[in-house]
Amino acid sequence: MSTDTDTDEESTSNCGASRDETAEATASSGSKCGASSADSSSSSSCGSSSKQQSVEEKVGSTVEDFDAEPGQLTAVGLGPGHPEGMTERAKQALFEAEHIVGYTTYIDLLPDEITDAADELYDTPMCGEVSRTEEAIDRTLAGNDVAIVGSGDPNVYALAGLALEILESKGATASMVEFEVVPGVPAAQSCGALLGAPLVNDTVSISLSDHLVPMPEIESRLHAAAKENFTITIYNPWSRKRRDNFEKACEILLTHRGPDTPVGIVHGAGREDEQVMITELAELEELGEDEIIDMTTTIVVGNEETYVWDDRMVTPRGYETKYDY
Ligand SMILES: C[S@@+](CC[C@H](N)C(=O)[O-])C[C@H]1O[C@@H](n2cnc3c(N)ncnc32)[C@H](O)[C@@H]1O
């Protein structure tokens, strides 16, 4: 297994590590980043690479601390990871941004022509979702056009909502900063495509990360989704700290679905270490200990009609009930 973190993000890095390149890049580029009077009081230590803070951290600066005309803040979804999986709008938004902010893994996924074109890159390893998002906002309030990047889509277990929440908590009005969300292909869809056609009917996504939602709540959502015969996509399925959550999820699924229910497992869709497997629900729990399942994996649990045709998962849309073919 490559990860042992307890946040929502996929990672191979260690929580709390810092990356010196960021500090060097920021220090040498004469960043406009930061509030005119907030540099020491803000929890967003703009320009610093040693800013890993707990999620309980408080937002520091307020809009009052910034004199500049705010720039544009764009939350950009990168899709699965390879450049061809990015939308043209995502590429354009990144070329337009003066600063690009993101978790190190996502910044590393960007094509060189995009990172070369940016004035500044700001990346942090795991565990910095709040401080990193605040950093992006502070840079925007200081007058820079900023893109904050993430895998998949910014509205799927990602930072688009957090960005607006933090902006609001800083005393901004919704119109004070030009804010745009650039959608990307979510992991469920990238993974569904690699598995065949498992998602063509009603589907529910559930994250097994109990970092922000308590496990009893996750369990009750799983019960409801499995009972109602939805196809289920499982995000954040496994980390060493969440081994119990994964086992519990498998147990719940088996109380509502047959042991031969098709299950698709995709690790690293669109990445160099991509792996695709189709198995049955009865086998899933054991695969938790296999390296195909970690925090860069999405699992697709078929509904009661889903079947496997050769190496393709197929969930009927229902046409067969109306048409002969
Ligand atoms: C914090 S969520 C981010 C989801 C992302 N915003 C999206 O739209 O897909 C991270 C989870 O997304 C899934 N994921 C992200 N990238 C993936 C990939 N390339 N292949 C498979 N699953 C992926 C994994 O379940 C991972 O634990």
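Figures for the structure shown
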| quantity | calculated |
| --- | --- |
| Scan of the stretch 141-155 for residues that are surrounded by 21 or more Cβ atoms within 10 Å (Cβ to Cβ) and assigned to a loop (DSSP other than H, G, I, E, B), ordered by number | 142, 144, 151, 153, 154 |
| Unique residue being out of contact with any Pro (no Cβ under 6 Å at 6 or more places or on another chain), open to solvent by 30 Å² or more (accessible area, probe 1.4 Å) and hydrophobic (A, V, I, L, M, F, W, C) when the list is 187, 163 | 187 |
| Scope the stretch 166-188; condition more than 13 Å from residue 155 (Cβ to Cβ), assigned to a helix (DSSP H, G or I) and of a type outside the set (Asp, Glu); matching residues | 166, 167, 169 |
| Wholly enclosed helices (runs of 4 or more DSSP H) of the stretch 51-118 bearing at least 2 residues out of contact with any Cys (no Cβ under 9 Å at 6 or more places or on another chain) and either modelled with pLDDT of 95 or more or closer than 25 Å to residue 174 by Cα (or both) | 88-96, 112-117 |
| Tally, over the stretch 216-230, of residues that are in contact with an Asp or Glu (Cβ under 7 Å, 6 or more places away or on another chain) and closer than 24 Å to residue 313 by Cα | 2 |
| Qualifying position, being within 13 Å of the ligand (Cβ to nearest atom), in the same structural domain as residue 295 (by TED's automatic domain parsing), outside any loop (DSSP other than H, G, I, E, B) and surrounded by fewer than 20 Cβ atoms within 10 Å (Cβ to Cβ), among 193, 224 | 193 |
| Qualifying position, being touching a strand residue (DSSP E or B) at 6+ places or on another chain (Cβ under 7 Å) and without any contact (Cβ under 8 Å) to a residue 60 or more places away in the chain, among 244, 260 | 260 |
| Conditions (1) touching a Pro at 6+ places or on another chain (Cβ under 8 Å); (2) within 16 Å of the ligand (Cβ to nearest atom); (3) not assigned by TED's automatic domain parsing to the domain that holds residue 124; number of the one not met by residue 199 | (1) |
| Only listed residue being open to solvent by less than 50 Å² (accessible area, probe 1.4 Å), outside any helix (DSSP H, G or I), under 23 Å from residue 127 (Cα atoms) and within 13 Å of the ligand (Cβ to nearest atom), chosen from 205, 209 | 209 |
| Candidate set from the stretch 121-140 (those that are at pLDDT 95 or above and not in a helix (DSSP H, G or I)); member that is farthest from residue 94 (Cα to Cα) | 122 |
| Lone unmet requirement of (1) open to solvent by less than 10 Å² (accessible area, probe 1.4 Å); (2) closer than 30 Å to residue 106 by Cα; (3) aliphatic (A, V, I, L, M) for residue 277 | (1) |
| Of the criteria (1) farther than 19 Å from residue 199 by Cα; (2) out of contact with any strand residue (DSSP E or B) (no Cβ under 7 Å at 6 or more places or on another chain); (3) open to solvent by 60 Å² or more (accessible area, probe 1.4 Å), which one residue 309 fails | (1) |
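The values are calculated or read from the model by the stated rules, or taken from the named source; none is laboratory data. Quantities reported herein were computed from a predicted structural model and do not represent experimental measurements. Here Cβ is always computed from backbone atoms with ideal geometry, including for glycine, and neighbour counts include all displayed protein chains. Just so you know, the surface numbers come from the protein's heavy atoms only, side chains and all, with ligands and any DNA or RNA stripped out. Shrake-Rupley method; radii C 1.70, N 1.55, O 1.52, S 1.80 Å.
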